[in-house]
Amino acid sequence: MAWKRRPFSGRRLSRALNIADLREIAQRRVPAFVFEYVEGGAEDELTLRGNREALEALRLIPNTLVDTSARHQRIQLFGRECSAPLIIAPTAINGMLEPDGDLAVARAAAGLGIPFTLSTLSTMRLEDVASKAGGRLWMQLYVMKNRRIAEDIMQRAAAAGYETLVFTTDATIFGSREWDQRNYRAPGRPNLVSLLEALRHPRWLFEVLLRNGVPRFRNIEAFLPPGKRDAIGGSLVTTELLRNAPISWEDVAWIRKNWPRKLVIKGVLSVADAERAADLDCDGIVLSNHGGRQLDSCVAPIDMLPAVAAKVGKRLTIIMDSGVRRGTDVIKALALGAHAVMVGRATLYGLAAGGEAGARRALGMLCEEIDRVLGQVGCRSIAELGPHLVRSARR
Ligand SMILES: Cc1cc2nc3c(=O)[nH]c(=O)nc-3n(C[C@H](O)[C@H](O)[C@H](O)COP(=O)(O)O)c2cc1C
């Protein structure tokens with residue numbers, strides 16, 4: 001009989017060895033409908049699975065007998081040093097995982113010298129995160145039908161010191177996350193099974209819902225009708241908020257005029273769109289399929305990276321996300337031409353598993369793994385990585 005590995009069954013952060021372990025703890029700490037909001041992808045989840053498959057199908061070719069004892073993983077990002085090649089991806093409704101979840105992740109990132117990106121659909125006001133978190137702050141922008149919301153976010157983010165604006169372009173037609181939707185009767189209204197799930201998680205119920213009140217879209221609250229401010233049932237609510245907002249490349253010029261600092265376009269996947277972003281004076285792009293939450297059957301960013309990097313790598317800062325769970329994933333992306341990598345769920349699993357300490361642990365794990373893999377492939381710095389270190393295992 002084949003020997004089977006035992007799955008991780010611990011509950012304590014200190015027992016977790018990797019992001020998958022944190023995910024296990026997270027799954028036990030929050031009700032299923034909350035976990036499914038974080039975890040889920042669109043429709044048949046081909047994109048979601050494909051992100052992992054594409055990363056796993058790459059293999060590293062190490063250089064041996066290189067003295068890497070003085071190696072480091074620092075990078076320059078928009079003219080400033082980052083202590084790791086990571087950026088926290090914007091994620092809506094972090095307050096459903098942990099009270100003040102945005103602040104917890106922002107603080108964890110600041111402590112490790114990693115930029116944090118706050119979602120337009122955060123559950124804390126951008127000003128509060130800025131005044132309490134410290135560190136490098138980026139602001140994500142959704143442009144909705146009511147343009148005043150985007151103008152307001154840009155003005156407030158500039159005033160509060162956010163250094164980079166990340167304009168997300170791939171959520172106007174919202175992905176259908178079906179197993180998340182099945183948990184609700186209507187936006188903001190969990191069904192009976194979800195209510196029972198909440199009761200089975202008294203710590204979560206007390207900390208997240210009762211003690212601090214139901215998480216709300218604090219950033220844009222002033223623009224929402226009273227019945228639509230709650231962030232419960234996130235996918236359903238955001239579908240309504242973003243539905244068919246008429247945005248196009250022309251809006252990039254409008255945003256460029258309104259935003260004086262670094263501008264990054266998130267949701268680019270084709271070479272043509274990457275070139276367009278460069279032509280419109282953007283500073284960077286995030287090659288992303290939104291972690292498999294929007295278009296199903298979408299190409300994995302890692303598969304587009306070499307072609308995009310070859311075309312615009314010298315004109316734009318290229319950031320990649322979607323599916324990153326290990327240091328090896330980060331190293332593969334950097335070797336294939338990304339300048340930095342965004343992480344979404346990896347940090348959220350940490351947050352759900354243990355608040356700020358959990359988010360710190362998730363980021364610490366990734367940094368440790370990056371450091372180890374960098375040494376194992378025989379590189380002393382990120383600058384020494386290159387496509388010669390990667391090949392497809394599918395060939
Ligand atoms: C729970 C959750 C909420 C998200 N909310 C946003 C958002 O508000 N704005 C945005 O641009 N992307 C959002 N994303 C996408 C992430 O920024 C990022 O592209 C994605 O998580 C990367 O994939 P990964 O989770 O596999 O790392 C969200 C992702 C998750 C998992």
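The values are calculated or read from the model by the stated rules, or taken from the named source; none is laboratory data. All values derive from a computational prediction rather than experimental measurement. Every residue, glycine among them, receives a Cβ derived from its backbone with ideal geometry; neighbour counts consider all protein chains shown. For the accessible areas, the whole protein counts, side chains as well, though only heavy atoms, and no ligand, DNA or RNA atoms are used. Shrake-Rupley method; radii C 1.70, N 1.55, O 1.52, S 1.80 Å.
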Sort region 1-159 into rounded, prolate or oblate with this rule: let a ≥ b ≥ c be the square roots of the eigenvalues of the Cα gyration tensor; rounded if a/c is under 1.5, and if a/c is not under 1.5, prolate when a/b is larger than b/c, oblate otherwise. oblate
Among residues other than Lys132 whose Cβ falls under 13 Å from its Cβ, what is the net charge (Lys/Arg +1, Asp/Glu -1)? -3
Of all DSSP beta bridges having both residues in the chain, the percent classed as antiparallel (nearest 5) is 25 percent
Once Lys and Arg get +1 and Asp and Glu get -1 on their Cβ, which of Asn212, Thr47, Thr238 lies farthest toward the positive end of the dipole of the chain? Asn212
Which shape class, rounded, prolate or oblate, goes with region 171-221 when its Cα gyration tensor gives a ≥ b ≥ c as root eigenvalues, a/c under 1.5 marks rounded, and past that a/b bigger than b/c marks prolate? oblate
Can you tell me the relative contact order of region 195-260? Whole percent, Cα pairs under 8 Å, sequence separation 6 or more. 18 percent
Keeping all protein chains in the complex and leaving out DNA, RNA and ligands, what accessible area do you get for Tyr162 with a 1.4 Å probe, in Å² to the nearest 10? 0 Å²
Net charge, Thr123 excluded, C-beta distance under 13 Å - Lys, Arg +1, Asp, Glu -1: -2
Note the per residue figure in Å³ for the convex hull of the C-alpha positions in region 213-352. 147 Å³
Where a ≥ b ≥ c are root eigenvalues of the Cα gyration tensor, a/c under 1.5 meaning rounded, otherwise prolate if a/b exceeds b/c and oblate otherwise, region 276-389 counts as oblate
With a 1.4 Å probe and all protein chains in place, put Leu336, Leu366 in order of accessible area, largest first. Leu336, Leu366
Given the options Gly227, Gly378, Gly313, which has the most mean-square fluctuation in a GNM of the chain, springs set between C-alpha atoms less than 10 angstrom apart? Gly227
Give the separation of the Cα centroids, region 139-187 to region 304-371, in Å. 21 Å
Put Trp179, Trp259 in order of accessible area, largest first, 1.4 Å probe: what do you get? Trp179, Trp259
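Keeping all protein chains in place, calculate the accessible area per residue for the chain (probe 1.4 angstrom), answer in Å².
For the chain, the solvent-accessible area averages 43 Å² per residue.
Within region 166-251, list the trypsin sites (Lys or Arg not before Pro) lying in a DSSP loop whose Cβ has at most 11 other Cβ atoms in a 10 Å radius.
Arg200, Arg211
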Of Ser83, Ser122, Ser69, which has the largest mean-square fluctuation in a 10 Å C-alpha GNM of the chain? Ser69
The answer for the net charge of residues other than Arg11 whose Cβ lies under 10 angstrom from its Cβ, with Lys and Arg +1 and Asp and Glu -1, is +3
Computed over region 8-83, Cα set: Rg, Dmax in Å: 18.3, 49
Can you tell me, using C-alpha contacts under 8 Å and at least 6 residues apart, the relative contact order of region 103-257 as a whole percent? 26 percent
For the chain, the helices passing both cut-offs (Cα extent along own axis of 18 Å or more, Kyte-Doolittle mean at least -0.5, full DSSP H runs) are 147-160, 345-376
Heavy-atom accessible area with a 1.4 angstrom probe orders Phe167, Phe223, most exposed first, as Phe223, Phe167
